[in-house]
Amino acid sequence: MTPLVTIGLPCFNNGQWLRQAIESALAQTWPAIEVIVVDDGSTDDSREVARTFGERIRTFTTGHLGAPHARNQALAQARGEWVQFLDADDYLEPEKIAQQFAETNGGENADVIYSPVLIETVSASGTMRETSDTNPARDIHAQWIAWQIPQTGGALWRKTALDALDGWKPGQPCCQEHELYLRALEAKQRFVFAPTPHAVYRIWSEQTLCRRDPRLVIRERTALIDALHAWLAARGEWTETHRRIAGQACFEMARTIAKYDLAEAAAYHRERCTCGLLQLTGPAAPASYRLAHRALGFTLAEKLAALRR
């Protein structure tokens with residue numbers, strides 16, 4: 001029996017991209033699909049765009065309560081055994097769902113099927129595409145710490161697994177999929193990797209919440225890392241690999257904060273050192289920077305780096 005898959009699209013003022021998102025959902029080669037669009041109080045033409053699809057999709061309208069609420073509305077209305085979420089400014093290639101089932105024996109042993117995503121960056125000079133970084137040789141917790149479990153569109157969820165988690169966290173300002181993944185990990189839900197990317201994550205504006213306020217993202221990501229750290233440590237499952245990956249991520253975030261507020265970055269750096277989660281490795285720590293950091297400390301190393309930029 002072919003399981004029904006619900007594709008849930010939350011939308012807030014994304015009328016310019018919504019048509020392509022809906023068309024990509026309807027074009028899936030998987031034969032059992034329903035598409036639900038939840039308009040999150042848009043003030044542009046999003047609702048008019050959705051209406052042009054008539055009875056091919058189901059549409060719902062709410063007040064402007066945020067993407068997690070809109071996704072939960074789609075989940076509540078879903079009739080499918082599996083649920084695919086798709087942000088309105090992203091899209092799916094036709095084989096996305098069928099390929100994930102093909103690569104995981106129909107998702108037989110999965111609560112979450114996840115794949116890399118295709119990152120499509122749109123700018124005045126053209127469109128660039130790259131595949132998100134995923135290392136399935138790492139354990140699933142290490143992948144999560146490294147932010148390698150994919151953006152929203154890359155996952156396919158068993159509906160009962162989402163229901164057991166009570167869906168998305170209302171009010172979560174950013175890192176929404178990673179917060180949901182964290183609760184799924186804590187619930188011991190089964191993540192199964194499908195290697196072929198067919199979900200497209202489009203980066204087209206610097207005004208999305210996560211891109212216009214990187215310090216908010218850093219605060220949320222750090223809190224999530226600390227929550228996983230505490231949960232794994234309590235079970236004796238926090239490893240040196242986890243510590244190293246988390247330390248590198250925190251160091252990269254310290255350097256990002258320094259671009260905006262050096263005093264805030266220095267305080268973050270000290271706090272991360274105190275809890276043992278700072279690692280000078282990776283692209284943000286070239287040899288010249290490590291030498292300056294060792295000789296001068298973080299603040300002066302950052303001042304020197306700023307002079308060289």
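The values are calculated or read from the model by the stated rules, or taken from the named source; none is laboratory data. This is a predicted model, so every value here is computed, not measured. FYI the Cβ positions are ideal-geometry reconstructions off the backbone, even for glycines, and counts take in every protein chain you see.
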message: Can you find a residue that is in the same structural domain as ARG158 (by TED's automatic domain parsing), touching a Gly at 6+ places or on another chain (Cβ under 8 Å) and of a type in the set (D, E, K, R) anywhere in region 9-32?
response: no
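Among the residues of region 175-193, which ones are part of a helix (DSSP H, G or I) and either among the basic types (Lys, Arg) or in contact (Cβ under 8 Å) with a residue 24 or more places away in the chain (or both)? Before you say what the answer is, go through the steps one by one.
The initial filter retains those residues of region 175-193 that are part of a helix (DSSP H, G or I), namely 176-186.
Result: GLN176, GLU177, HIS178, GLU179, TYR181, LEU182, ARG183, ALA184, LEU185, GLU186.
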message: Can you tell me how many residues within region 153-166 are within 24 Å of LEU232 (Cβ to Cβ) and crowded, with 21+ Cβ neighbours inside 10 Å?
response: 4
- prompt: Here is a list of conditions, (1) part of a loop (DSSP other than H, G, I, E, B); (2) surrounded by 20 or more Cβ atoms within 10 Å (Cβ to Cβ), and GLN172 meets all of them except one; can you say which number that is?
  reply: (2)
The listed residue being modelled with pLDDT of 95 or more, over 17 Å from the mean Cα position of the chain (by Cα) and among the hydrophobic types (A, V, I, L, M, F, W, C), out of ALA194, ALA199, ALA164: ALA164
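Condition check ((1) surrounded by 23 or more Cβ atoms within 10 Å (Cβ to Cβ); (2) aliphatic (A, V, I, L, M)) across all residues:
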{"position": "THR2", "(1), (2)": "no, no"}
{"position": "ALA25", "(1), (2)": "yes, yes"}
{"position": "THR29", "(1), (2)": "no, no"}
{"position": "ILE33", "(1), (2)": "no, yes"}
{"position": "VAL38", "(1), (2)": "yes, yes"}
{"position": "ASP44", "(1), (2)": "no, no"}
{"position": "ARG47", "(1), (2)": "no, no"}
{"position": "ALA50", "(1), (2)": "yes, yes"}
{"position": "GLU55", "(1), (2)": "no, no"}
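Let's see how each residue does on (1) touching a Gly at 6+ places or on another chain (Cβ under 9 Å); (2) within 17 Å of GLY153 (Cα to Cα); (3) of a type in the set (S, T, N, Q):
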residue: VAL5; (1), (2), (3): yes, yes, no
residue: VAL35; (1), (2), (3): yes, yes, no
residue: ARG51; (1), (2), (3): no, no, no
residue: ARG56; (1), (2), (3): no, no, no
residue: ASP90; (1), (2), (3): yes, yes, no
residue: GLY107; (1), (2), (3): no, yes, no
